[in-house]
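The values are calculated or read from the model by the stated rules, or taken from the named source; none is laboratory data. All values derive from a computational prediction rather than experimental measurement. Note: ideal-geometry Cβ built from the backbone for every residue, glycine included; neighbour counts use all protein chains shown.
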Ligand code: PRP
């Protein structure tokens, strides 16, 4: 059995904020720099980390292949994962919005087509408003879909707003607030209780100090 606690970190825009948070919590790593190894340890050998595609992290944590992970609430809400979710980390803060091309009134659009990486979240959003929308699932760069005529609007993340602006889009309505969460495997929560609890305590202190 592993002696270290194995934690999945999200590749991409959340990776550096996640390492920064760990560092402020006194968990220092080199982030796997200069190595081709997919896993790396903290300097004290208490934790082991693996950098994964964000969407895969809840899958690994739910199965127990890794003990814990850091992942955006956008991904957690898109599917139902059976994982323990003890802490909002207050990093990766952004909004999920419905956005349309500048000047387009979506109320006037019949048979609205929505491009998104979040089909279930978007479906729930429109169902809650009793509006019918045809969802077009894309893998990324969804802001281009209205420009190319694939969709009338998008449901996507906005952080600085720059991508929307530069592609002639305007946020029409908020879908949800998004932030990164710590998630933990349900079995690890019991079998690795001490290690998990001390990780939560370390991170919680940093989150609390910053809030
Ligand atoms: C995300 C998101 C938006 C953009 C928003 O995309 O999907 O496209 O960032 O950021 P901004 O408001 O600061 O401009 P990401 O870079 O993760 O790539 P993707 O489009 O391939 O999903």
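Summary table
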| read-out | value |
| --- | --- |
| Residues satisfying the stated conditions in region 76-89, i.e. over 21 Å from residue 139 (Cα atoms) and either in contact with a strand residue (DSSP E or B) (Cβ under 8 Å, 6 or more places away or on another chain) or assigned to a strand (DSSP E or B) (or both) | 83, 84, 85, 86, 87, 88, 89 |
| Members of region 121-136 found to be surrounded by fewer than 18 Cβ atoms within 10 Å (Cβ to Cβ) and within 16 Å of the ligand (Cβ to nearest atom), listed by number | 136 |
| Residues of region 168-189 that turn out to be in contact with a helix residue (DSSP H, G or I) (Cβ under 9 Å, 6 or more places away or on another chain) and either over 30 Å from residue 97 (Cβ atoms) or assigned to a helix (DSSP H, G or I) (or both), as a count | 4 |
| Neighbours by Cβ (under 6 Å, 6+ apart or cross-chain): first from region 140-153, closer than 20 Å to residue 107 by Cα and assigned by TED's automatic domain parsing to the domain that holds residue 116; second within 14 Å of the ligand (Cβ to nearest atom) and part of a helix (DSSP H, G or I) | 143/163; 151/145 |
| Positions within region 63-75 being farther than 22 Å from residue 41 by Cβ and in contact with a strand residue (DSSP E or B) (Cβ under 7 Å, 6 or more places away or on another chain), in sequence order | 72, 73, 74 |
| Selection count where residues are closer than 29 Å to residue 59 by Cβ and surrounded by fewer than 20 Cβ atoms within 10 Å (Cβ to Cβ), scope region 161-177 | 4 |
| Every residue from region 108-144 that is part of a strand (DSSP E or B) and in contact with a helix residue (DSSP H, G or I) (Cβ under 9 Å, 6 or more places away or on another chain) | 112, 113, 114, 115, 116, 133, 135, 136, 137 |
| In region 155-167, the residues that are in a strand (DSSP E or B) and near the ligand (Cβ under 9 Å from one of its atoms) | 156, 157, 158 |
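For (1) in a strand (DSSP E or B); (2) on the phi > 0 side of the Ramachandran plot; (3) within 16 Å of the ligand (Cβ to nearest atom), each residue gets a yes or a no:
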residue: 28; (1), (2), (3): no, no, no
residue: 49; (1), (2), (3): yes, no, no
residue: 55; (1), (2), (3): no, no, yes
residue: 61; (1), (2), (3): no, no, no
residue: 66; (1), (2), (3): no, no, no
residue: 74; (1), (2), (3): no, no, yes
residue: 91; (1), (2), (3): no, no, yes
residue: 98; (1), (2), (3): yes, no, yes
residue: 104; (1), (2), (3): no, no, no
